[in-house]
Amino acid sequence: MSRAFLLALLLALVAASSASAGNGKVLAVTFDADVNPVTQGWLNDRIAEGADYDALVILLDTPGGLDESMRKIVQAELSAKEPVVVYVSPQGARAASAGVWISQAADVLAMAPNTNIGSSTPITGSGQNIGSDLKRKVVNDAAASLRALARSHGRNARWADRAVRKASNLAADEALKLNVIDRMAPDLPTLLRDIDGQKTKPRGLTLHTAGDPIVTREMGFFTRLLDTLIDPNLLSLLFLAGIAGIVFEVFHPGVVLPGALGAVALFTALFGFSVLPTAWAGVALIALGLALLVIDAHVVTHGALTVAGLVALAVGMLMLFHDAPAQYRVNTWLVLLITATIGGFMAFALGKAVAARRRPSAMPAMVGAEGVVRDSGSVFVQGELWQAASDDGAPLEPGAHVHVDDVEGLRLKVHRV
């Protein structure tokens with residue numbers, strides 16, 4: 001009986017050991033992009049995929065990004081079934097701003113030589129310091145969350161507080177001395193050997209990584225494309241191009257191509273607006289500005305609507321992503337370039353229209369000219385075909401030569417020569 005019990009216990013221990021060891025491989029994920037909803041979704045999928053591996057290693061190199069996306073990544077790390085290792089690499093890489101939270105949420109945090117970590121002070125979307133009243137709330141919240149992550153993983157909570165309040169930044173060797181990170185390794189195989197057998201805090205997972213084959217994952221073309229498409233400057237241009245193409249199709253039905261391309265550009269821009277923290281008042285102002293420009297092209301306002309439209313367009317583009325970090329704001333110089341280009345084009349078109357209205361009519365030059373009757377109602381004069389009628393009301397005979405006596409609108413009065 002005791003032998004059977006011991007055998008069953010031994011089999012259970014072996015099964016538990018094999019279950020905790022995953023599939024004998026390590027999943028290494030390269031994250032070298034901004035933190036935003038697109039990259040966050042991709043990384044969270046990789047964290048879920050890592051449940052079948054001995055450990056997940058995030059090869060991190062990021063300048064930071066959006067707070068909401070960062071928090072979703074941190075939640076995925078903390079609830080991951082496998083041990084999560086963040087390795088700031090390769091040499092020259094950084095874990096800045098939101099990257100510090102992603103790093104501190106890892107079961108094991110390591111850095112390659114010549115890398116750095118820190119600079120986590122919250123700032124406004126324009127890159128400026130937050131106002132004093134709001135600053136206390138935002139900074140205290142950020143500092144508390146980063147301190148909690150560092151403390152629960154047995155790391156330096158004081159430095160975590162300074163990283164938020166003072167934008168402290170450390171090189172890899174300095175971070176190791178101050179217990180900001182757990183390890184420093186020149187490459188991933190060395191790191192996996194060093195952490196083998198280590199028990200993580202606070203989850204108490206034992207790492208089995210020495211000699212494990214490494215399976216790598218990098219962002220694919222589609223993810224990179226979506227990451228590029230949510231560039232705020234590109235989104236602004238796509239939105240303008242989309243509306244312009246559709247408006248052109250409305251006023252010139254049957255051309256098809258501008259309308260089709262405009263629809264694609266517009267829906268792509270709307271996808272980006274749904275991903276980024278967009279101020280929809282800015283979108284409405286851009287649409288209003290374009291509408292005023294179109295109206296001014298068909299109504300005589302001497303440029304008043306054009307000026308109003310350009311102001312609405314510029315303010316709307318600047319407002320689009322004003323709640324996002326600095327790297328997700330529309331470039332001011334791009335806004336000025338777009339408004340100046342549109343304004344210059346409208347001024348040129350208005351000048352041509354005014355000049356055309358002031359130019360004397362060429363119709364009187366037709367009086368005295370001679371032409372040939374093509375049929376009973378039209379006359380070929382000076383290379384053009386005109387509607388015509390005889391002075392005495394008699395029908396015009398095709399082939400007859402006539403003399404132009406007067407021009408009434410677009411109709412000639414003629415008599416037979």
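The values are calculated or read from the model by the stated rules, or taken from the named source; none is laboratory data. Keep in mind it's a predicted model, so treat the numbers as computed, not measured. Every residue, glycine among them, receives a Cβ derived from its backbone with ideal geometry; neighbour counts consider all protein chains shown. Side chains included, ligands, DNA and RNA excluded: accessible areas come from the protein's heavy atoms. Shrake-Rupley method; radii C 1.70, N 1.55, O 1.52, S 1.80 Å.
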### Task
Can you work out which of the residues in region 381-395 that are at pLDDT 80 or above and hydrophobic (A, V, I, L, M, F, W, C) is surrounded by the most Cβ atoms within 10 Å (Cβ to Cβ)?
ALA388
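Yes/no matrix, rows are residues, columns are (1) on the phi < 0 side of the Ramachandran plot; (2) of a type in the set (Asp, Glu); (3) at pLDDT below 80:
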residue: ALA324; (1), (2), (3): yes, no, yes
residue: GLN327; (1), (2), (3): yes, no, yes
residue: ILE338; (1), (2), (3): yes, no, no
residue: ILE342; (1), (2), (3): yes, no, no
residue: ALA356; (1), (2), (3): yes, no, yes
residue: PRO360; (1), (2), (3): yes, no, yes
residue: GLU370; (1), (2), (3): yes, yes, no
residue: SER376; (1), (2), (3): yes, no, yes
residue: VAL379; (1), (2), (3): yes, no, no
### Query
Which residue, of HIS322, HIS298, is outside any helix (DSSP H, G or I), of a type outside the set (Ser, Thr, Tyr) and either within 24 Å of TRP42 (Cβ to Cβ) or in contact (Cβ under 8 Å) with a residue 12 or more places away in the chain (or both)?
HIS322
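Mind telling me which of the residues THR216, THR209 ends up being closer than 17 Å to LEU59 by Cβ, polar (S, T, N, Q) and part of a loop (DSSP other than H, G, I, E, B)? Even if it seems obvious, please write down each step before you answer.
Details: THR216 fails: part of a loop (DSSP other than H, G, I, E, B).
Just a single option satisfies the conditions, and that option is THR209.
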### Message
Just the residues that are within 26 Å of the chain's Cα centre (by Cα) and crowded, with 18+ Cβ neighbours inside 10 Å, please, taken from region 278-292.
### Response
THR278, ALA279, GLY282, VAL283, LEU285, ILE286, GLY289, LEU290
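Residue-by-condition table, conditions (1) surrounded by 15 or more Cβ atoms within 10 Å (Cβ to Cβ); (2) over 30 Å from SER69 (Cβ atoms); (3) in contact with a Leu (Cβ under 7 Å, 6 or more places away or on another chain):
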| site | (1), (2), (3) |
| --- | --- |
| GLU249 | yes, yes, no |
| LEU270 | yes, no, no |
| SER274 | no, no, no |
| VAL294 | yes, yes, no |
| ALA304 | no, yes, no |
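On the given criteria, is LEU225 surrounded by fewer than 20 Cβ atoms within 10 Å (Cβ to Cβ), out of contact with any Asp or Glu (no Cβ under 7 Å at 6 or more places or on another chain) and either of a type outside the set (A, V, I, L, M) or without any contact (Cβ under 8 Å) to a residue 60 or more places away in the chain (or both)?
On the way: surrounded by fewer than 20 Cβ atoms within 10 Å (Cβ to Cβ): yes; out of contact with any Asp or Glu (no Cβ under 7 Å at 6 or more places or on another chain): yes; either of a type outside the set (A, V, I, L, M) or without any contact (Cβ under 8 Å) to a residue 60 or more places away in the chain (or both): yes.
Yes; evaluated as a whole, the condition is true for this residue.
Can you name the residue in region 255-268 that is exposed (fewer than 15 other Cβ atoms within 10 Å of the Cβ) and modelled with pLDDT of 85 or more and, of all such residues, is farthest from PHE239 (Cα to Cα)?
Applying the first criterion (exposed (fewer than 15 other Cβ atoms within 10 Å of the Cβ)) to region 255-268 yields 255-257, 260, 263-264, 267.
Within this subset, residues satisfying the condition of being modelled with pLDDT of 85 or more are 257, 260, 263-264, 267.
Values: LEU257: 17, ALA260: 14, ALA263: 10, VAL264: 10, PHE267: 8 Å.
Top of the filtered list is LEU257.
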### Query
So ALA148 clears everything in (1) out of contact with any strand residue (DSSP E or B) (no Cβ under 9 Å at 6 or more places or on another chain); (2) surrounded by fewer than 20 Cβ atoms within 10 Å (Cβ to Cβ); (3) over 17 Å from THR200 (Cβ atoms) except one condition, right? Which one?
(3)
### Message
Can you find, within region 151-185, the residue that is surrounded by the most Cβ atoms within 10 Å (Cβ to Cβ) among those that are out of contact with any Leu (no Cβ under 7 Å at 6 or more places or on another chain) and among the acidic types (Asp, Glu)?
### Response
ASP161
### Query
What pairs can you find where one residue is in region 142-161 and on the phi > 0 side of the Ramachandran plot, the other is open to solvent by 10 Å² or more (accessible area, probe 1.4 Å), and their Cβ atoms are less than 7 Å apart, with a gap of 6+ or different chains?
GLY154/LYS201
### Message
Any residue that is basic (Lys, Arg), over 18 Å from VAL108 (Cβ atoms), open to solvent by 50 Å² or more (accessible area, probe 1.4 Å) and part of a helix (DSSP H, G or I) - is there at least one of those in region 189-206?
### Response
no
### Query
Does region 234-247 hold any residues that are buried (at least 17 other Cβ atoms within 10 Å of the Cβ) and within 8 Å of the chain's Cα centre (by Cα), and which are they?
LEU235
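Looking at region 396-410, which of its residues are within 60 Å of the chain's Cα centre (by Cα) and exposed (fewer than 13 other Cβ atoms within 10 Å of the Cβ)? Before the answer, list the steps.
Within region 396-410, the first condition is being within 60 Å of the chain's Cα centre (by Cα), and the residues that meet it are 407-410.
Once the filter is applied, which keeps residues that are within 60 Å of the chain's Cα centre (by Cα) and exposed (fewer than 13 other Cβ atoms within 10 Å of the Cβ), region 396-410 yields GLU408, GLY409, LEU410.
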### Query
Could you say which residue among ASP61, ASP34 is acidic (Asp, Glu) and at pLDDT below 95?
ASP34
